[in-house]
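The values are calculated or read from the model by the stated rules, or taken from the named source; none is laboratory data. All of these numbers come straight from a predicted model, not from anything done at the bench. Here the Cβ is made from the backbone with ideal geometry for all residues, glycine too, and neighbour counts use every protein chain on show.
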Amino acid sequence: MIEEINKDKIKKTAKNFFEKMGFDVDISITEKENNMVFIDIKTDEPKILIGQKGQVLFDIQHVLKLIIKRNILNSPLGLEETEKEFFIDIDINNYKKKKIEYLKETANYIADEVALHKKEKEMEPMSSYERRIVHTEISKRGDVITESIGEGENRRVVIKPKN
């Protein structure tokens, strides 16, 4: 459990980070299970902060996570031992939430086609984060299976009929 004082510190650090980059943002912090801190950002300029295929958003998340951990761990109050390992998930204008829903819907639509026609189908290349969402969603089904193929930026998920 992250203490309230550290949640405030996380919020102030995130706000300061975006202000220094020249963005006016509204920030809300929610703690989920397993020391997951969800930072929800609302802004009038989401495209710049999200970037192509969400790459800028993931880079911002990485950098901000390092800054937040350094600021809190090096503060006089610091984190108690039980709080030292916490995770940060940032979303901007619900981009990730919408993307996850889109990936799940697309994967299930393709899986329905594969199950009906008994012929495998490849999805478009995607990041490891996106592939994980697809694999997890399709693993709930009993009629199809998934496999990742390809290398680097061309890595994609193949949905196959289950034998």
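A few remarks follow.
- Of the residues making up the stretch 86-120, those that are surrounded by 15 or more Cβ atoms within 10 Å (Cβ to Cβ) and assigned to a strand (DSSP E or B) are ILE88, ILE90, ASP91, ILE92.
- If only residues of the stretch 1-34 that are crowded, with 16+ Cβ neighbours inside 10 Å and in a loop (DSSP other than H, G, I, E, B) are counted, the one that is modelled with the highest pLDDT is PHE23.
- Pair list, Cβ under 6 Å, 6 or more apart: the stretch 44-56 residue of a type in the set (Asp, Glu), other residue in a helix (DSSP H, G or I) and exposed (fewer than 12 other Cβ atoms within 10 Å of the Cβ): none
- Check on ILE67, crowded, with 18+ Cβ neighbours inside 10 Å, modelled with pLDDT of 90 or more, outside any strand (DSSP E or B) and not assigned by TED's automatic domain parsing to the domain that holds PRO125: no
- GLU124 under 30 Å from HIS62 (Cα atoms), of a type in the set (Asp, Glu) and either in contact with an Asp or Glu (Cβ under 9 Å, 6 or more places away or on another chain) or surrounded by 14 or more Cβ atoms within 10 Å (Cβ to Cβ) (or both): no
- Filter pass, TYR129 being modelled with pLDDT of 95 or more, within 22 Å of the chain's Cα centre (by Cα), outside any loop (DSSP other than H, G, I, E, B) and loosely packed, with under 14 Cβ neighbours inside 10 Å: no
- Summed over the stretch 133-163, the residues that are out of contact with any helix residue (DSSP H, G or I) (no Cβ under 8 Å at 6 or more places or on another chain) and part of a strand (DSSP E or B) give a count of 3.
- Test: residue in the stretch 106-120 that is β-branched (Val, Ile, Thr), in the same structural domain as GLU45 (by TED's automatic domain parsing) and more than 17 Å from the chain's Cα centre (by Cα): no
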